Amino acid sequence: MQASASELPLRGNYFAEADYLRQNLPSGTLENRAGARMFALPDELLVALSNTVMKHRGERCGEVLKSIGRGWGKQAAEQFSNELSGFHERRLDEQPLSLFAADLTAAFLHHGWGRLQLDFSRYARGLLLVEVFHPFLGEEVKPTSHSVEALMAGFLSGMFTQFAGVELDCVQTACRARGEQSSRFVLTVPQRLQAIKELIESGRAHDEIVAALEKRPA
Amino acid sequence: MTNRLHQLARVAEGRYFQPEERDQFLTYAGSVPSRFAAADALSEHEEAVLKATVGDLQQRYPNFAKHHHQGWAKCYRDLQLVIRQDAQALIFDDVQMLDDKTLAWLRTILAANNLTPQFCRDAFTLLRDHVKSRLGPEHYELLQPFLDRNIEVLSEFPEPATPAV
């Protein structure tokens, strides 16, 4: 052996199902292993929420849902950071990126938010690509010509803004409501997305949007 | 098995267990001492197995440590985590538990570190082979499904764009 393994904590998946959630049936509550109160929200509630916001806010529906998701994402990131820092006995920003990616992927899987794939290959150029299979609010969506997962886009932007300590925005670039295989999102600083706003609004393909963003300075 | 026991309980709701269901419980209960014996044997040989596995990998992948800070120590730790989870899954006779608690999560880390599927296949095949060479056949046979599962799951990811092995 070249180095001692004893300094490295021997910890596995924090979110492993049997350990992660505890039901308290007498009180009718559900807590995670850190004692945070959890709820199981059905897909129907999210559909009703989206439809109601759409009815009352019309074209601004996406903006409102994104804002809700953003607030939720920031809170979720703070909770994730606190719990995983304690579990791995190391601050989140001191943990390897691979461990962070595995834990966040596990968080999505075990909360039923979908199967997450993070692509950090353009991170040095200021872009983070996220692909989600089986996302919430996406299993049973009506076909449309535009992306409908504003809640998830907001959630990711809130989460990664909190993690990165820099204001980040998120745009959805693929959606199953548009007939695509998975939901894809691109995160970067808001001014970069603003610069290609027309391209985004015209519903261009994921690769085209990523290519346009790469031409813009980070 | 614990998943299967729960499944049996769900199916038998509102009635007594049928003879074949009772037999499944009793077969599992009867196997617990031998499962613990295999886990104890693994624990006893753990250090030798891990050192031999890492030693072989070091010969096969001489550049690995150039790519990863404390690379071999982390490799040792990951193998140790997996082998201990194998022992736990063996006691509960539950491969699904191994997948959920460890393998799916660890695979994300291995892939994100730009390890290749071949490196992981080699690592967990060597791990299995060194367990086989040190444990008696009665203990190895119980562990084998879990050691095979490690290889299957942990080498199933796309080739990295920039391999680091």
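Observations on the model:
- Residue-level check: of (1) surrounded by fewer than 17 Cβ atoms within 10 Å (Cβ to Cβ); (2) more than 13 Å from chain B (Cβ to nearest Cβ), A:Leu10 misses just (2).
- Qualifying residue in segment B:37-50 (condition: among the hydroxyl-bearing types (Ser, Thr, Tyr), loosely packed, with under 15 Cβ neighbours inside 10 Å and either farther than 16 Å from B:Arg149 by Cα or touching a residue at least 12 places away in the same chain (Cβ under 8 Å) (or both)): yes
- In segment B:51-71, the qualifying residues are those that are more than 12 Å from chain A (Cβ to nearest Cβ) and in a loop (DSSP other than H, G, I, E, B), and the one that is surrounded by the most Cβ atoms within 10 Å (Cβ to Cβ) is B:Tyr61.
- Here A:Val53 qualifies as at pLDDT below 95 and in contact with a Cys (Cβ under 8 Å, 6 or more places away or on another chain).
- Residue in segment A:112-142 that is nearest to A:Gln172 (Cα to Cα), counting only those that are within 14 Å of chain B (Cβ to nearest Cβ) and part of a helix (DSSP H, G or I): A:Tyr123
- Selection status of A:Ser27, under 21 Å from the mean Cα position of the chain (by Cα), over 30 Å from B:Lys74 (Cβ atoms) and more than 14 Å from every other protein chain (Cβ to nearest Cβ): no
- Count of segment B:1-33 residues, restricted to those that are loosely packed, with under 13 Cβ neighbours inside 10 Å and either in contact with a Leu (Cβ under 8 Å, 6 or more places away or on another chain) or not in a helix (DSSP H, G or I) (or both), is 5.
- Flag if B:Thr108 is of a type in the set (S, T, N, Q), at the interface with chain A (Cβ under 9 Å from one of its Cβ atoms) and crowded, with 20+ Cβ neighbours inside 10 Å: yes
- Filter pass, B:Glu156 being assigned to a loop (DSSP other than H, G, I, E, B) and among the acidic types (Asp, Glu): yes
- When the residues of segment A:13-24 are filtered to those that are modelled with pLDDT of 85 or more and either more than 21 Å from A:Ser81 (Cβ to Cβ) or part of a helix (DSSP H, G or I) (or both), the one that is farthest from the other protein chains (Cβ to nearest Cβ) is A:Asn24.
- Hits in segment A:157-181 (condition: farther than 17 Å from A:Arg122 by Cα, in contact with a Pro (Cβ under 8 Å, 6 or more places away or on another chain) and part of a loop (DSSP other than H, G, I, E, B)): A:Glu167, A:Gly179
- Residue within segment B:118-125 that is within 14 Å of chain A (Cβ to nearest Cβ) and at pLDDT 95 or above present: yes
- When B:Val82 is tested against (1) surrounded by 20 or more Cβ atoms within 10 Å (Cβ to Cβ); (2) more than 12 Å from the chain's Cα centre (by Cα); (3) within 11 Å of chain A (Cβ to nearest Cβ), just one condition goes unmet, and that condition is (2).
The values are calculated or read from the model by the stated rules, or taken from the named source; none is laboratory data. A quick note: this is a predicted structure, and the numbers were derived from the prediction, not measured. All Cβ positions, even for glycine, are placed from backbone atoms using ideal geometry, and neighbour counts span all protein chains on display.
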